[in-house]
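First the structure, in the form of structure tokens, and then the observations on it.
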Amino acid sequence: MQFVTFVLNDTQDTWTKILPREGVQYHHAKLVLFRNSIDSGCGMAQSATGPFYCPEDEKVYIDLDFFEELKRRFGAPGEFAEAYVLAHEIGHHVQKLLGIESKAQAAQVRNPQSAKAISVRLELQADCFAGVWAHSTDQRHLLEVGDLDRALQAAAAVGDDRLQRMTTGHINPESFTHGSSAQRTEWFQRGFNGGTVESCNTFQN
């Protein structure tokens, strides 16, 4: 728990420094830990939903069993794998503050056929923003050997193609909502290499 609190605070402190360069003041999201199910500002959520950010109440929801599942079922052990998940969800909060989330939602309403493709771009950008935070930890010499690999392993573990193969035995790119393992690791790496909001424009690439 101590580690989750550290990552939550450190991620948000990092964005507090970065966002004013984009003309936006950062304010903190809250973390809600739960088991089984919870009533969020975005409706009822089951643990099967996985971690999520709710823009309505600006809270990150993480089921306490998820990190265990990340290790056992998805083969992504280690604290930095957990850090990636948390930093990804805070990335969604950053999207809300930058106005990206509301623009994407409006685009999804205007063009329902593109809703899943837009969702993928949002998720990959949140991966990239997680990489921006990892870049800042590297700059401050907080990364240990193997940390980056564990984050990339976690990003790959939750790729749509891998999850579909695990659950159904086949892959259907048309139904992707978060991006493939290769895309998720690529965008995390881009954020890590670039360290800026500009390095994370998934809507142009």
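The values are calculated or read from the model by the stated rules, or taken from the named source; none is laboratory data. These figures come from a predicted structure and were not determined experimentally. Every residue, glycine as well, gets a Cβ built from its backbone with ideal geometry; the counts of neighbours run over all protein chains shown. When the accessible area is computed, the model is the full protein with side chains, heavy atoms only, and any ligands, DNA or RNA have been set aside. Shrake-Rupley method; radii C 1.70, N 1.55, O 1.52, S 1.80 Å.
List of remarks:
- Positions within the stretch 168-194 being crowded, with 19+ Cβ neighbours inside 10 Å and not in a helix (DSSP H, G or I), in sequence order: Phe176, His178, Gly179, Ser180
- Any hit, the stretch 76-91, residues being touching a residue at least 24 places away in the same chain (Cβ under 8 Å), hydroxyl-bearing (Ser, Thr, Tyr) and in contact with a Ser or Thr (Cβ under 7 Å, 6 or more places away or on another chain): no
For (1) in contact with a helix residue (DSSP H, G or I) (Cβ under 8 Å, 6 or more places away or on another chain); (2) part of a helix (DSSP H, G or I); (3) at positive phi, each residue gets a yes or a no:
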residue: Leu8; (1), (2), (3): yes, yes, no
residue: Trp15; (1), (2), (3): yes, yes, no
residue: Tyr53; (1), (2), (3): yes, no, no
residue: Glu56; (1), (2), (3): no, no, no
residue: Glu69; (1), (2), (3): no, yes, no
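- Of all residues in the stretch 52-77, exactly one satisfies the criterion of being in contact with a Leu (Cβ under 9 Å, 6 or more places away or on another chain) and hydroxyl-bearing (Ser, Thr, Tyr), namely Tyr61.
- For the residues Arg140, Arg150, Arg165, the requirement of being within 19 Å of the chain's Cα centre (by Cα) and surrounded by fewer than 21 Cβ atoms within 10 Å (Cβ to Cβ) singles out Arg150.
- Pair list, Cβ < 6 Å and 6+ apart or interchain, from the stretch 4-23 residues that are within 16 Å of Ala151 (Cα to Cα) to residues that are among the aromatic types (Phe, Trp, Tyr) and modelled with pLDDT of 95 or more: Thr11/Trp133
- Qualifying residue in the stretch 76-88 (condition: among the aromatic types (Phe, Trp, Tyr) and farther than 24 Å from Leu142 by Cβ): no
- Among the candidates Ser199, Ser180, the residue that is closer than 18 Å to His135 by Cα and of a type in the set (Gly, Ala, Ser) is uniquely Ser199.
- Scanning the stretch 29-50 for residues that are open to solvent by 70 Å² or more (accessible area, probe 1.4 Å), assigned to a strand (DSSP E or B) and free of Cβ contacts under 8 Å to residues at least 12 places away in the same chain gives Asp39, Met44, Gln46.
- Within the set Tyr61, Tyr53, Tyr26, the sole residue that is crowded, with 22+ Cβ neighbours inside 10 Å and touching a residue at least 40 places away in the same chain (Cβ under 8 Å) turns out to be Tyr53.
- Residue in the stretch 1-23 that is surrounded by the fewest Cβ atoms within 10 Å (Cβ to Cβ), counting only those that are among the aliphatic types (A, V, I, L, M) and under 17 Å from Ile62 (Cα atoms): Met1
- Unique residue being among the polar types (S, T, N, Q) and within 16 Å of Ile18 (Cβ to Cβ) when the list is Thr167, Thr137: Thr137
- Entry remark, the stretch 125-158: residues being outside any helix (DSSP H, G or I) and under 22 Å from Gly179 (Cα atoms) number 1 in total.
- Residue in the stretch 100-121 that is of a type in the set (D, E, K, R), touching a residue at least 60 places away in the same chain (Cβ under 8 Å), in a helix (DSSP H, G or I) and crowded, with 18+ Cβ neighbours inside 10 Å present: yes
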